[in-house]
Amino acid sequence: MTRFSHRVLATATALTVLSTGASAFAAEAADSAAPEAAASAIAVQLNGQALSFTDAVPQVKDERTFLPFRAVFEAMGAEVSYDAATNQVSATRGGTTVTMTLGSTEATVTADGVSTTLTMDVAPYAADNRTYVPVRFAAQAFGCAVGWDQDDSTVILVDTQKLLEDAKADHTYTYLDKYLAYNDQFMTGNWEMKADFNAALTVLGMGPATLEGTLNGISAGSTQLSATMNMKLDVQALLEGIAAMTDTASEVDAETADLLASLKTDGIDMEIRGDMATGVLYFKMSGDALATAGIPADTWISMDLGALYGTMGVDYASLLDVSKNLDAAALLQTALSSTTLTDKDTDYAAVSALVEGVAKFLADDSFVQDGDNYTTTYTLDQDGSDASISFTLLMKDDAVVGYDLNMKAAAGAADESGTPAMTMDMKAGMDADNNMTVSMTLDTSTMLDMSLEMTGSYTATDKAPELTPPADATVIPYEQLLTGAAEQA
């Protein structure tokens with residue numbers, strides 16, 4: 001439930017604009033270009049402009065696209081070098097240096113004096129006295145979004161870092177700075193969290209399935225957390241609807257009936273512990289649900305967020321770093337860098353418009369004063385999708401003491417009544433006494449309806465969170481749980 005806390009909502013405005021407009025870009029990535037494509041047939045586009053290659057052209061090897069190292073990085077404004085003694089190539093731009101070794105899948109990224117070793121799925125190589133590097137890793141190391149236009153056999157690179165720098169150049173951001181200063185108080189010290197929540201879900205007109213619960217927890221700094229939740233779930237109406245639709249018997253066996261009754265009346269107790277800095281979270285659930293799944297009582301489940309995000313092509317360490325610093329521009333740039341692109345003729349213009357829109361939305365000259373408060377708004381109408389965002393800063397003595405965030409989005413062709421295929425409405429806020437409210441509805445026409453309501457509070461405390469299970473606890477990795485092998489790790 002901490003996903004709905006003020007810490008994440010600090011950058012929700014930028015990310016919502018991104019997710020609404022960028023959904024059209026998600027498709028096949030450049031590093032999975034068609035293996036039968038001839039090297040000379042592969043084109044490369046950087047920021048909407050075709051790159052020319054005079055003595056080395058892109059190649060496909062082991063079903064991965066490789067680009068000439070020097071030509072691409074110099075086009076991105078980086079200084080490149082090659083050390084023949086170590087077979088290492090490096091590129092430096094601003095405060096970031098990327099170093100790779102021929103034949104090795106390990107690469108080093110040094111940013112502001114801090115070096116991180118990362119593993120690529122393929123290694124750079126040399127051919128015809130030129131060095132070739134895997135396109136996705138090379139591009140994302142310097143904050144580029146990367147994609148593949150299948151129809152035109154073109155690698156698409158968008159330098160999102162440069163886009164953000166250019167978009168911000170003509171604006172000032174003192175109101176955003178005031179908001180981040182307000183938010184800093186929640187990133188230090190210890191806080192006690194309390195929340196009540198309820199949700200409902202209808203699928204194909206069947207249901208609803210309902211969920212209600214409570215959360216109590218302690219957070220420390222920006223990463224450490226321990227919390228307990230009780231969640232009561234009622235899925236009887238949904239199951240009856242499914243039974244009626246599939247023309248099957250609506251009765252369930254006695255064991256399942258007892259479990260459903262328990263979920264509805266007693267619910268499931270869940271405990272969460274962990275430190276986001278290490279990327280490892282621990283969960284423990286009580287009640288009949290674990291026994292039904294064949295998991296012993298009091299078993300803890302561990303989840304490695306770094307590995308999980310890695311499977312999605314997202315650098316968890318970088319994402320956590322910008323999240324802790326609440327740098328909205330950096331978080332937006334990280335999210336953009338993970339976006340894949342599919343159309344060389346339209347994608348750069350679309351991404352550029354999104355970045356410029358977000359930069360304008362958060363700039364000082366977009367905030368309008370109403371009494372002590374200041375509000376900025378943003379609207380997006382693109383490719384059959386539209387969204388609107390309103391972000392209000394609650395001010396006192398020239399300092400932010402709370403906020404209100406309202407977001408609406410619609411996408412897809414409208415039906416005969418004019419209703420879009422998908423609509424979303426979200427409201428979130430924190431008042432001057434640190435009381436939080438969140439509400440969200442999602443409607444996908446006749447397919448799915450979902451609603452969520454949550455209220456809560458944050459109170460400073462001297463209590464510290466428990467970060468790991470007890471020393472004698474049974475711990476099962478999440479991946480092992482998925483395979484059904486519930487054995488002690």
Checklist entry - Is it the case that residue 90 is of a type in the set (Ser, Thr, Tyr) and either over 22 Å from residue 161 (Cα atoms) or loosely packed, with under 11 Cβ neighbours inside 10 Å (or both)? => result no
Next on the checklist: Taking the condition of being modelled with pLDDT of 90 or more, surrounded by fewer than 16 Cβ atoms within 10 Å (Cβ to Cβ) and either farther than 15 Å from residue 90 by Cα or touching a helix residue (DSSP H, G or I) at 6+ places or on another chain (Cβ under 6 Å) (or both), how many residues in region 121-141 meet it?
Outcome noted: 1
Checklist entry - If residue 186 passes every condition in (1) modelled with pLDDT under 90; (2) in a strand (DSSP E or B) but one, which one does it miss? => result (2)
Checklist entry - Hey, among the residues in region 164-183 that are without any contact (Cβ under 8 Å) to a residue 24 or more places away in the chain and part of a helix (DSSP H, G or I), which one's nearest to residue 230 (Cα to Cα)? => result 177
Checklist entry - Counting residues that are of a type in the set (S, T, N, Q) and assigned by TED's automatic domain parsing to the domain that holds residue 70, which strands (runs of 3 or more DSSP E) fully inside region 93-161 reach at least 1? => result 96-101, 106-111, 114-119, 130-134
Checklist entry - Taking region 44-91 as the region of interest, how many residues are without any contact (Cβ under 8 Å) to a residue 60 or more places away in the chain, outside any helix (DSSP H, G or I) and out of contact with any strand residue (DSSP E or B) (no Cβ under 8 Å at 6 or more places or on another chain)? => result 6
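Can you name the residue in region 49-78 that is farther than 18 Å from residue 157 by Cβ and among the charged types (D, E, K, R) and, of all such residues, is surrounded by the most Cβ atoms within 10 Å (Cβ to Cβ)?
61
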Checklist entry - Yes or no: residue 145 modelled with pLDDT under 80 and either in contact with a Cys (Cβ under 6 Å, 6 or more places away or on another chain) or surrounded by 18 or more Cβ atoms within 10 Å (Cβ to Cβ) (or both)? => result no
Next on the checklist: Quick check on region 419-431: of everything there that is farther than 16 Å from residue 391 by Cα and part of a loop (DSSP other than H, G, I, E, B), which residue is modelled with the highest pLDDT?
Outcome noted: 421
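When you look at residue 207, is it assigned by TED's automatic domain parsing to the domain that holds residue 446, buried (at least 20 other Cβ atoms within 10 Å of the Cβ) and more than 23 Å from the chain's Cα centre (by Cα), yes or no?
It is true that residue 207 is assigned by TED's automatic domain parsing to the domain that holds residue 446, buried (at least 20 other Cβ atoms within 10 Å of the Cβ) and more than 23 Å from the chain's Cα centre (by Cα).
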Item to check | Contacts under 6 angstrom Cβ, first residue in region 278-298 being assigned by TED's automatic domain parsing to the domain that holds residue 231 and surrounded by fewer than 18 Cβ atoms within 10 Å (Cβ to Cβ), partner in a loop (DSSP other than H, G, I, E, B) and at pLDDT below 75, 6 or more apart | outcome: 294/486; 295/486
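Pick from 424, 454, 447, 436: which is touching a Gly at 6+ places or on another chain (Cβ under 6 Å) and not acidic (Asp, Glu)?
Of the residues listed, the single one that is touching a Gly at 6+ places or on another chain (Cβ under 6 Å) and not acidic (Asp, Glu) is 436.
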Checklist outcome for this item: Of the residues in region 385-399 that are modelled with pLDDT of 90 or more and acidic (Asp, Glu), the one that is nearest to the chain's Cα centre (by Cα) is 398
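Can you pull out every residue in region 73-115 that is touching a helix residue (DSSP H, G or I) at 6+ places or on another chain (Cβ under 7 Å) and under 15 Å from residue 125 (Cα atoms)?
89, 107
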Next on the checklist: I need the full set of residues from region 340-372 which are small (Gly, Ala, Ser), surrounded by 14 or more Cβ atoms within 10 Å (Cβ to Cβ) and in a loop (DSSP other than H, G, I, E, B), in order please.
Outcome noted: 363
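Looking only at region 210-238, count every residue that is among the hydroxyl-bearing types (Ser, Thr, Tyr), surrounded by fewer than 17 Cβ atoms within 10 Å (Cβ to Cβ) and in contact with a Gly (Cβ under 8 Å, 6 or more places away or on another chain) and tell me the total. Steps first, please.
Restricting attention to region 210-238, the residues satisfying the condition of being among the hydroxyl-bearing types (Ser, Thr, Tyr) are 210, 214, 219, 222-223, 226, 228.
Now restrict to residues that are surrounded by fewer than 17 Cβ atoms within 10 Å (Cβ to Cβ): 214, 228.
Right, trim to in contact with a Gly (Cβ under 8 Å, 6 or more places away or on another chain) and you get 228.
Residues that pass the stated criteria total 1.
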Item to check | Residue in region 213-227 that is farthest from residue 198 (Cα to Cα), counting only those that are at pLDDT 95 or above and among the hydroxyl-bearing types (Ser, Thr, Tyr) | outcome: 226
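The values are calculated or read from the model by the stated rules, or taken from the named source; none is laboratory data. The shown structure was predicted, so the numbers you read here are calculated from the model rather than taken from an experiment. Heads up, the Cβs are rebuilt from the backbone with ideal geometry, glycines too, and the neighbour counts pull from every protein chain shown.
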